[in-house]
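The values are calculated or read from the model by the stated rules, or taken from the named source; none is laboratory data. Since the structure is predicted, the reported quantities are computational estimates derived from the model, not experimental observations. Cβ placement follows ideal geometry from the backbone for every residue including glycine, while neighbour counts extend to all protein chains displayed. For the accessible areas, the whole protein counts, side chains as well, though only heavy atoms, and no ligand, DNA or RNA atoms are used. Shrake-Rupley method; radii C 1.70, N 1.55, O 1.52, S 1.80 Å.
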Amino acid sequence: MQISPSLLAADWARLADEAARVPDADWLHFDVMDGHFVPNLTAGLSVVESLLAATSIPLDCHLMIADPDRWAPGYAEAGAANVTFHAEAVHAPVRLARTLRSLGARAGLAVNPATPITPYADLLPDLDMVLLMTVEPGFGGQRFLDMVLPKVAEARELVRRSGCDVWVQVDGGVSEDTIGRCAEAGANVFVAGSAVFGADDPDRMVRTLREMATAASPLAASD
Ligand code: DX5
Ligand code: ZN
């Protein structure tokens, strides 16, 4: 059970200090938004490079961008430990996933709430993670979409049948109120932005969320 606090909810004038507030995090989730794939704009590779130099927590880059085939490899080259691109934007997912892995990164495939995961089952051997968006991508602090939970279970079942060690991540509206349902459905990596950075003690919230996920997960016994 891994917690990936989303820096989207942190103070962007002090990103390195904010990263230092969650030393128990397994990952730092960095949302790259280009104002095209999603109606919001954040930051890109240069900020990721600076952050990589400022923290030892592995970076989980979530690319909400229109042309991941072109831009995603740069994040792997820079040293991001995980690079996730969107199914709705990518042109050659197998080629991109293999390129990311050859550059030493884990490869993640993200799907929006309305995008099914089943059509991507054959890609699982080339992936390290599937990310199921539990809000429409673009903004933090949105309400968790319960309708995605059956797809989380479906993804876990596809992974089990594939025999591949692919992680199932959820992102959007994950909090003390919703993490149990996600874990129960089969997720094992949890992105949480406002729940972590909106807490008085963000690192304590990371530990609380991990404990809640572990308690609810059918996988935790063997984790
Ligand atoms: C939304 C981003 C999320 C966001 C989650 O498009 O992908 O990572 O930061 O924020 P919360 O946890 O506040 O929903
Ligand atoms: Zn994200």
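Summing Lys and Arg as +1 and Asp and Glu as -1 over all other residues whose Cβ lies under 11 Å from the Cβ of residue 187 gives a net charge of +1. Over the chain, DSSP H runs of length four or greater, each weighted -39,500 (n - 2.57), average out per residue to a 222 nm ellipticity of -10000 deg cm²/dmol. Take the Cα of residue 121, step 7 Å toward its Cβ, do the same at residue 211, and the gap between the two points is 3.9 nm. Using a Gaussian network model of the chain in which every pair of alpha carbons under 10 angstrom is joined by a spring, one finds that among 94, 196, 130 the greatest mean-square fluctuation is at 94.
Highest mobility in the GNM of the chain, judged by mean-square fluctuation with C-alpha springs under 10 Å and restricted to 145, 209, 127, is found for 145. For the pair residue 49 and residue 20, the difference between a 0.36 nm per residue extended length and the Cα-Cα distance amounts to 8.8 nm. Residue-normalised convex hull volume from the C-alpha trace of the chain: 107 Å³ per residue. Excluding ligands, DNA and RNA, the accessible surface per residue across the range 29-107 is 42 Å² with a 1.4 Å probe. Hey, in the GNM for the chain with a 10 angstrom Cα cutoff, which one of 139, 85, 190 fluctuates hardest? Residue with maximal mean-square fluctuation among 139, 85, 190: 139.
Reported to the nearest whole Å, the Cα centre-to-centre distance from the range 80-133 to the range 142-213 is 18.
Relative protection proxy for 8-18, 160-170, from highest mean packing down: 160-170, 8-18 (other beta-carbon atoms within 10 angstrom).
From a point 7 Å beyond the Cα of residue 203 in the direction of its Cβ, which residues of the range 3-30 have a backbone N at a distance under 11 Å? Those under the cut-off are 20-25.
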